[in-house]
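Scroll down for the structure; my scribbles are underneath it.
The values are calculated or read from the model by the stated rules, or taken from the named source; none is laboratory data. Predicted, not measured: the structure shown is a model, and the values here were computed from it. When we count neighbours, we look across all protein chains shown, and the Cβ atoms used for this are built from the backbone with ideal geometry, even at glycine.
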Amino acid sequence: MRKKLGFLALFLSTVFQYACEKVIDVDLNSAGYQYVVEGTVVNQADSQVVKISRSVAVSDASVFPAVSGATVTVTDDQGGQFAFRERRPGVYSSRRLRGTPGRTYTLNVQVEGNVFTASSRMPAQVAIDSIGVSMTSFFDEEQKTVQLLFSDPPNRANYYRYVLGVNGKKSRNIFAYNDEFTDGRKVNRELFDFDLNLKTGDIAHVEMHCIDAVLYRYWQGLDQNENRGGASTTPANPVTNIKGGALGYFSAHTVQRESVVIP
Amino acid sequence: MGKAGQSYLIDFQIRRAFFFLLLLALLPHLSFSQQRFTISGTVKDASTGETLIGASVRVAESEKGAITNSYGFFSITVPEGQYNLQVSYIGYQTSTRSLNLNKDVRLVVQLNANAFLQEVVVSGRSAKEQIRSPQMSLERLNMENIKDVPVLLGERDVLKTIQLLPGIKAAGEGNSGFYVRGGAADQNLILLDEANVYNASHLLGFFSTFNSDAIKDVAVYKGGMPAQYGGRLASVVDIKMNEGNEKRYTAEGGIGLIASRLKVEGPIVKEKGSFMVSGRRTYADLFLKLSTDTALKNSTLYFYDLNAKANYKLNDKNTIYFSTYLGKDILGLNDAFRMNWGNTTATFRWNHLLSRKMFSNTTLIYSDYNYEIENLDQRSDFRVTSIIRDWNLKQDYQYFANNHTLRFGLNANHHRIQPGKITSSQKSSITSKTVETRSGLELAAYISNEWNVSDAVNLNYGLRLSSFHLLGPGSFNTYSDEGRITRTQNFRKGEVVKSYLNLEPRLAVSYRLNENTSIKTSYTRNTQNLHLLSNSTSALPTDLWIMSSNNVKPEIADQVALGYYRNFNNDNWEFSAEVYYKDMQNQIDYRNAAELRANENVESELLFGLGRAYGIELFLKKRYGNINGWLGYTLSRTERSFTGIDNGNYFPAKQDRTHDISAVGIYNLSKRWTFSGTFVFNTGNAITFPSGKYQVEGQTRFYYTERNGYRMPNYHRLDLAATLEGRPEKKYKSSWTFGFYNAYNRQNAYVVDFRDNPDDPSKTQAVQTALFGIIPSVTWNFKF
C-alpha cells in the first residue's frame, strides 16, 4: 500500500511536472539539550547495548555528544539483574544477557542526577519464510524491491519492524507494521525505498524484529515526522516508553537477519 | 431503524413542531390593519427564462422592498394605491412598471441583460440591499460575471474564486479546499441544490466538483447564517444549479488544456418547463498514452462531472424540480492498482404557493459519497469500499407579511456511514475486515423572522433547534482520556445510542445611518455533528467522516460580528469593514501516530479541545466601468487549545495567517478584449519546525517543542488572463481565453523539509518544495 501511494505521489508530481526544490533559511529557536537513550535487548546475541547521547541544535553539526558516567542496569521479570558497563563513551553493554521471548525487561539509567526507566516485553519470534526481490517497471526503469514472506500467527496482535541495508548502508525509511490487516495470513512485505536504487549484484541485508505494541507506536510516530514538513501530519515527538524525560526508546525484541544478492 | 425507535422519534418531532407553531402564533406584529394588497411574482432573465436569485424588488414610493428568494420569488404587501415597482439585478437593466394596486397582483418580471455596463464579479447583491439588509458576512457570486477571473489551467472554479474574498483562505496551493474565519475545511457546509457534498474536490483538491457551466448562483455565508442553515460551524456555501433555458434550445461548451465541457439546455414545454444537462471530462491521462513506458501507457487518471436539472411548472402555484449530480475520479496504475471516488446527489423539490404571501418548499434529497480501492497484485490483493449516504427531507415555509418575512421549517436527515470494508481473496496476505456501519439521524426545526422595524432598522432573529441521534445496531466502545476501552455496549437496530440537543440562536440587526451607510451586528451559534478526520492537509479521497457519539461531542461555535458598510460615488464603489470573534468547543485533533484508516477504535485516537478565532476584514469594490474589481484585506488570528498539547496553552491553528490580501482587477479594453489579473499575498501558515536534532539508530531525527510555533514563507502570486470574444455577427459566439497562473513564477513553499546537506552530511538544511511555477493555459469556449 505504501509503495502504491509512493508511486501515486510520483505519478501525480510527474503529471504536474512543476515541483521544484530550493534550500531556504529558517531561523529556528534552540531548545536546551535532551538526553537520548537507545536501549535494546534481543534474543540473538549475548551482548546487549544501551547508548546514551544528547540532542543538539538543528544548526549545529550532526555530532551528537556521548553521555558518559551513567549507571545502567536491566532487570527481567524472573529476578535477573544485569549491570551494563561503559565500553566506549556513551555506549554501555552487558555480555551476560540474552533476551528470551515472553519476558519483560526493565531498564534503569542514572545519569547526572536524572533517572530514566522503561519496560518492554519481548514478543514471541515469527520467522521469515523466504526473501526475494520484486520488480516493477516505472518510467522505463526497473524498480527493484526487497520482499519478505512470512506467516503471521493468527488470533493475536503482532507488531513488526524491518531494518533494510544495502552494501552496508542503512535505509532511512522506518518499516513498522502491525497485523491489523494481515492477521493469520501469509504475508508478503515489500521494503520499498526510492532512495536506494538497487542494482544487480548489490547485497541487501534485512532484519526482522518482532516488537511490542508501544514500540510499534513509537516507530510509527517517528515515521510520521519524515519528509512531510508542511503538507501533512503535524510533526511531534513520538510517544516513548522511557519515563523521566529522555528521548529515544527501550525495546526488547526478537531479531532475524537475512541477506540477498540482487539478481 | 426499529419500529419503536422510529415512532419515538416521530412523536418527539411532532411535539417539537407544535412548539414551533405555538411560537409562530405568538409572534408580534402579524396583525393586518387597513386595506392592503400583495404584489407577488417571479423575476426572470428575459432571454433564457432562468429565475434570478437575489434580485431587488422595490416599491419606489414606500421604501418597501423585497429580495427574490432561491426560486426567484418575491412578495410585498402595501396599502391600496398607485405605485412604481422597480426591479433590478446586477448586470441587468432595471425595469420599472406602474401599478394601480386595488387587488392582489401576480407578476412575472423579465429583465434584459445589460450589454454595456460591465459589472464586477462579486455582486449578486444590489448596492442598496448591501446597506439595507440585516444579513452580514454574505457574498454572492453570479457565474456569468466571474468568467473573467483568471484561474489555474483555465478551469473556472467557484470554490477557488471565493478564496479571493476576505475571510476565506485557500487550504493550499491550487487547492479547492478553503478555511473560513479560522474554521477547518470540514466546517464548511457545501450544498449543491440543497444536497450535502461530502468531498467537493477532484484530483486531490486541485479542482472542485462544481463545473461552472452548470452553476447559476453561489451564496457564501461567513457568519450570521439564517436559521434554515445548520450542521457546520464555519460557513455555508449554497450553490444552485442552472434550470435551463425555457425559451429555446442552446448548446455551449469549451475545450481547454486539461478538460472539455458541453452543456445543452432548452424548454421541455415552452415557458412551462426546461432542462439542462452539463458534462465535463478531464483528459490529463491522454498524455500518458504518448509514453513509451508500458506501465504509464496503461495508466488512467481522469475525472468527470455530470449535472442535470429539469423543472416543470404544473400550474401557477406548483412547480417541481429535479436535479442531480454525478462525479467521479478514476485512477489506475497499470492494472495493478485502481482507485475511484465520487459524489452522487439527487434533489427532488416541490415549490408550492399556499397563498400570495406563503411560499412552501418541500425537498427530498439523496447524497452519496463513496470510494473504492482495488489492489490487483496476486499476493496481496484487496478491495476497500467506503460509503456515506444521506436521505434528507426538508419542509420550508416563507411567509411574507407586512414588514415581516417569516421563515420556518423542519428537517430530518438520516446518515449512514460505512467507514471501510476490506475484502480479499483467500490467497491474499490481506485479511477481510469490516468496520461497523454507523447510522445517525439529524432532526432540526427552525424559525426566523426578518422584520423591517423602521426605515433605519432591520432585524432578523431566529432559532434553530437541532438534535442528533446516534443509532444502533452495533457495538459501541467508550474510551478513557488515555484512549483505552472502558466499556463496550451493544445496541439493537434503531436503538438510540446517544442523543444531543442544541439550541442555536441567530440574530442580525442593521441600522441605516443614511442612504449610503449602515452598521450591522450579528450573533450566531452553529453546531456540527459530522466530523472529518484527516491528518493531512491535502484533500484525500479516503478521509473519514464520523458522527457525534458517546465519545465525540457535537462541535459548537458562537460567533459575534460587527460591520460598517458604505456605498459612494453613486453606488459605484462599495466599502465594508467587519470584525468578528468566534469561540469554538469540542474541536478535534489526533494522538501521536494516530491510525485513522479502517480502525474500529478510531474515536480512541482523538483529542478534544477549544478554538478561538478573531479578525478584521476590509473590502473595497468598484462595481462599474471599464476598470472594475476589488481589494480585500484580512487581519486575523485563529488558535486551538488541547489538554495534551503544549500544556493546554493556545497555539496557532495551521490555517492561522496573520495578513491576507487579495486584489482582483478587470479591464475591458474594447468590445472584444478583456484583461484581468488577480494578486494574492498571505502570511505563511503556522507550522511546527524542529527545535533540536538527535540520533536514533545512526539516523538524524528531529526534536519538537512548541506546536505550530513557526511560519511557512510568505505566499504571493499574480495570475493574468485575457479573453478575446469572437466577431459578434457569426451564428455562434465563441471566445478564446489565455491565462498565466503564477505569472512571475514565484516559488511558493508547499512543503519545508529538514534533511542532511548532501554536500556536508553533518549539516542540516531546510528545503522547500514548490508545487507550481508559471502555468500557461488556453481555452476555447463556444455557444450556439
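Got a number for residues in the stretch A:36-69 being under 12 Å from B:Val696 (Cα atoms), small (Gly, Ala, Ser) and part of a strand (DSSP E or B)?
2
Check off (1) in contact with a helix residue (DSSP H, G or I) (Cβ under 6 Å, 6 or more places away or on another chain); (2) modelled with pLDDT under 90 for B:Glu271 and give me the number that stays unchecked.
(1)
Given the condition within 14 Å of chain A (Cβ to nearest Cβ), surrounded by 18 or more Cβ atoms within 10 Å (Cβ to Cβ) and touching a residue at least 24 places away in the same chain (Cβ under 8 Å), answer yes or no: does some residue in the stretch B:444-453 qualify? I'd like the intermediate steps shown before the answer.
Looking only at the stretch B:444-453, we keep the residues that are within 14 Å of chain A (Cβ to nearest Cβ), and these are none.
Looking through the stretch B:444-453, none of the residues is within 14 Å of chain A (Cβ to nearest Cβ), surrounded by 18 or more Cβ atoms within 10 Å (Cβ to Cβ) and touching a residue at least 24 places away in the same chain (Cβ under 8 Å).
Out of B:Thr643, B:Thr638, which single residue is touching a residue at least 12 places away in the same chain (Cβ under 8 Å) and under 22 Å from the mean Cα position of the chain (by Cα)?
On the way: B:Thr643 fails: under 22 Å from the mean Cα position of the chain (by Cα).
Residue meeting the stated conditions: B:Thr638.
Can you name the residue in the stretch B:652-689 that is in a strand (DSSP E or B) and hydroxyl-bearing (Ser, Thr, Tyr) and is also nearest to the other protein chains (Cβ to nearest Cβ) among such residues?
Taking the stretch B:652-689 as the starting set, the residues that turn out to be in a strand (DSSP E or B) are B:652, B:659-668, B:673-682, B:686-687.
If we keep only those that are hydroxyl-bearing (Ser, Thr, Tyr) too, we end up with B:662, B:667, B:674, B:676, B:678.
Details: B:Ser662: 21, B:Tyr667: 28, B:Thr674: 27, B:Ser676: 23, B:Thr678: 19 Å.
Here the residue is B:Thr678.
Give the stretch B:163-194 a look and list any residue that's under 23 Å from B:Arg640 (Cα atoms) and in a helix (DSSP H, G or I), or say none.
Across the stretch B:163-194, the qualifying residues are B:Gln163, B:Ala185, B:Asp186, B:Gln187.
In this structure, does B:Gly739 turn out to be within 14 Å of another protein chain (Cβ to nearest Cβ) and surrounded by 14 or more Cβ atoms within 10 Å (Cβ to Cβ)? It would help to see each step written out before you state the result.
Details: within 14 Å of another protein chain (Cβ to nearest Cβ): no; surrounded by 14 or more Cβ atoms within 10 Å (Cβ to Cβ): yes.
For B:Gly739, the condition - within 14 Å of another protein chain (Cβ to nearest Cβ) and surrounded by 14 or more Cβ atoms within 10 Å (Cβ to Cβ) - is not met.
Suppose we keep only residues that are under 19 Å from B:Gly632 (Cβ atoms) and small (Gly, Ala, Ser) within the stretch B:178-204. Which one would you say is farthest from the chain's Cα centre (by Cα)? Give the steps one after another, and end with the answer.
As a first pass, look at the stretch B:178-204 and keep what is under 19 Å from B:Gly632 (Cβ atoms): B:178-183, B:188.
With the extra rule that they be small (Gly, Ala, Ser), the set shrinks to B:182-183.
Working: B:Gly182: 15, B:Gly183: 13 Å.
Applying the filter and picking the extreme gives B:Gly182.
Give the stretch A:149-168 a look and list any residue that's more than 10 Å from chain B (Cβ to nearest Cβ) and within 20 Å of the chain's Cα centre (by Cα), or say none. So that I can check it myself, show each step before the final result.
Taking the stretch A:149-168 first, the residues more than 10 Å from chain B (Cβ to nearest Cβ) are A:153, A:155-162, A:164-168.
The answer is A:Ala157, A:Asn158, A:Tyr159, A:Tyr160, A:Arg161, A:Tyr162, A:Leu164, A:Gly165, A:Val166, A:Asn167, A:Gly168.
Could you list all residues from the stretch B:708-750 that are closer than 23 Å to B:Ala251 by Cα and aromatic (Phe, Trp, Tyr)? Can you show your working first?
The initial filter retains those residues of the stretch B:708-750 that are closer than 23 Å to B:Ala251 by Cα, namely B:723-738.
Selection gives B:Tyr732, B:Trp736, B:Phe738.
Just wondering, is there one or more residues in the stretch B:34-53 that are at pLDDT below 80 and acidic (Asp, Glu)?
There is no residue in the stretch B:34-53 that is at pLDDT below 80 and acidic (Asp, Glu).
Can you tell me which condition B:Glu578 does not meet? The list is (1) among the acidic types (Asp, Glu); (2) in a loop (DSSP other than H, G, I, E, B); (3) on the phi < 0 side of the Ramachandran plot, and all the others hold.
B:Glu578 satisfies all of (1) among the acidic types (Asp, Glu); (2) in a loop (DSSP other than H, G, I, E, B); (3) on the phi < 0 side of the Ramachandran plot except (2).
Exactly one condition in (1) farther than 27 Å from A:Met135 by Cα; (2) surrounded by 21 or more Cβ atoms within 10 Å (Cβ to Cβ); (3) within 13 Å of the chain's Cα centre (by Cα); (4) more than 7 Å from every other protein chain (Cβ to nearest Cβ) is false for A:Ala246; which is it?
Among (1) farther than 27 Å from A:Met135 by Cα; (2) surrounded by 21 or more Cβ atoms within 10 Å (Cβ to Cβ); (3) within 13 Å of the chain's Cα centre (by Cα); (4) more than 7 Å from every other protein chain (Cβ to nearest Cβ), A:Ala246 violates only (3).
Does B:Arg512 satisfy the criteria of being at pLDDT below 90, in contact with a strand residue (DSSP E or B) (Cβ under 9 Å, 6 or more places away or on another chain), surrounded by 18 or more Cβ atoms within 10 Å (Cβ to Cβ) and not hydroxyl-bearing (Ser, Thr, Tyr)? Step through it out loud before you land on a result.
Numbers: at pLDDT below 90: no; in contact with a strand residue (DSSP E or B) (Cβ under 9 Å, 6 or more places away or on another chain): yes; surrounded by 18 or more Cβ atoms within 10 Å (Cβ to Cβ): yes; not hydroxyl-bearing (Ser, Thr, Tyr): yes.
Considered against the rule, which asks whether it is at pLDDT below 90, in contact with a strand residue (DSSP E or B) (Cβ under 9 Å, 6 or more places away or on another chain), surrounded by 18 or more Cβ atoms within 10 Å (Cβ to Cβ) and not hydroxyl-bearing (Ser, Thr, Tyr), B:Arg512 comes out as no.
Pairs please, first residue from the stretch B:554-580 and in contact (Cβ under 8 Å) with a residue 24 or more places away in the chain and farther than 26 Å from B:Ala184 by Cα, second anywhere and of a type in the set (Asp, Glu) and surrounded by 16 or more Cβ atoms within 10 Å (Cβ to Cβ), Cβ atoms under 8 Å, 6+ apart in sequence or on different chains.
Listed pairs, sorted by first residue: B:Tyr564/B:Glu578; B:Tyr565/B:Glu574; B:Arg566/B:Glu574; B:Asn567/B:Glu574.
Across the stretch B:401-443, what is the number of residues that are within 12 Å of chain A (Cβ to nearest Cβ) and assigned to a loop (DSSP other than H, G, I, E, B)?
9
Tally the residues that are in a strand (DSSP E or B) and either aromatic (Phe, Trp, Tyr) or in contact with a helix residue (DSSP H, G or I) (Cβ under 6 Å, 6 or more places away or on another chain) (or both), restricting the search to the stretch B:72-114.
Looking only at that region, the number is 4.
Among the listed residues A:Asp223, A:Asp195, which satisfies the condition of being within 26 Å of B:Phe754 (Cβ to Cβ), among the acidic types (Asp, Glu) and more than 10 Å from every other protein chain (Cβ to nearest Cβ)? Lay out the reasoning, then the answer.
Values: A:Asp223 fails: more than 10 Å from every other protein chain (Cβ to nearest Cβ).
From the options A:Asp223, A:Asp195, the qualifying one is A:Asp195.
Which fully enclosed strands (runs of 3 or more DSSP E) of the stretch B:717-784 have 2 or more residues being within 30 Å of B:Ser278 (Cβ to Cβ) and in contact (Cβ under 8 Å) with a residue 24 or more places away in the chain?
B:733-741, B:775-783
Looking only at the stretch B:595-623, how many residues end up being in contact with an Asp or Glu (Cβ under 6 Å, 6 or more places away or on another chain) and either part of a strand (DSSP E or B) or surrounded by fewer than 18 Cβ atoms within 10 Å (Cβ to Cβ) (or both)? Before the answer, list the steps.
We begin by selecting, within the stretch B:595-623, every residue in contact with an Asp or Glu (Cβ under 6 Å, 6 or more places away or on another chain); these are B:607, B:612, B:617, B:621, B:623.
Filter once more, keeping what is either part of a strand (DSSP E or B) or surrounded by fewer than 18 Cβ atoms within 10 Å (Cβ to Cβ) (or both): B:607, B:612, B:617, B:621.
So the count comes out to 4.
Just checking, does the stretch B:710-732 include any residue being surrounded by 15 or more Cβ atoms within 10 Å (Cβ to Cβ), more than 14 Å from chain A (Cβ to nearest Cβ) and at pLDDT below 90?
yes
Can you tell me which residue in the stretch B:47-66 is surrounded by the fewest Cβ atoms within 10 Å (Cβ to Cβ), limited to those that are in contact (Cβ under 8 Å) with a residue 24 or more places away in the chain and out of contact with any Ser or Thr (no Cβ under 9 Å at 6 or more places or on another chain)?
B:Glu63
Which residues, counting only those in the stretch B:201-233, are in a loop (DSSP other than H, G, I, E, B), of a type in the set (A, V, I, L, M, F, W, C) and out of contact with any Gly (no Cβ under 8 Å at 6 or more places or on another chain)? Give the derivation first.
Quick first cut of the stretch B:201-233, residues in a loop (DSSP other than H, G, I, E, B) only: B:206, B:209-211, B:222-233.
Those still in the list that are of a type in the set (A, V, I, L, M, F, W, C) too: B:206, B:210, B:225, B:227, B:233.
Passing the criteria: B:Phe210, B:Met225.
Taking the criterion of being without any contact (Cβ under 8 Å) to a residue 40 or more places away in the chain, within 11 Å of another protein chain (Cβ to nearest Cβ) and under 19 Å from A:Pro123 (Cα atoms), would at least one residue in the stretch A:199-217 satisfy it?
First pass over the stretch A:199-217, keeping only residues without any contact (Cβ under 8 Å) to a residue 40 or more places away in the chain: A:217.
Filter once more, keeping what is within 11 Å of another protein chain (Cβ to nearest Cβ): A:217.
Next, only the ones that are under 19 Å from A:Pro123 (Cα atoms) stay: A:217.
Checked the stretch A:199-217: at least one residue is without any contact (Cβ under 8 Å) to a residue 40 or more places away in the chain, within 11 Å of another protein chain (Cβ to nearest Cβ) and under 19 Å from A:Pro123 (Cα atoms).
Only one residue in B:Gly698, B:Gly692 is within 14 Å of another protein chain (Cβ to nearest Cβ), surrounded by fewer than 21 Cβ atoms within 10 Å (Cβ to Cβ) and more than 30 Å from B:Arg623 (Cβ to Cβ), so which one is that? Let's see the steps before the verdict.
Numbers: B:Gly692 fails: surrounded by fewer than 21 Cβ atoms within 10 Å (Cβ to Cβ).
Step by step, each of B:Gly698, B:Gly692 is checked, and only B:Gly698 is within 14 Å of another protein chain (Cβ to nearest Cβ), surrounded by fewer than 21 Cβ atoms within 10 Å (Cβ to Cβ) and more than 30 Å from B:Arg623 (Cβ to Cβ).
Would you point out the residue of the stretch B:624-651, among those that are within 14 Å of chain A (Cβ to nearest Cβ) and in a loop (DSSP other than H, G, I, E, B), that is modelled with the lowest pLDDT?
Taking the candidates together, the pick is B:Gly644.
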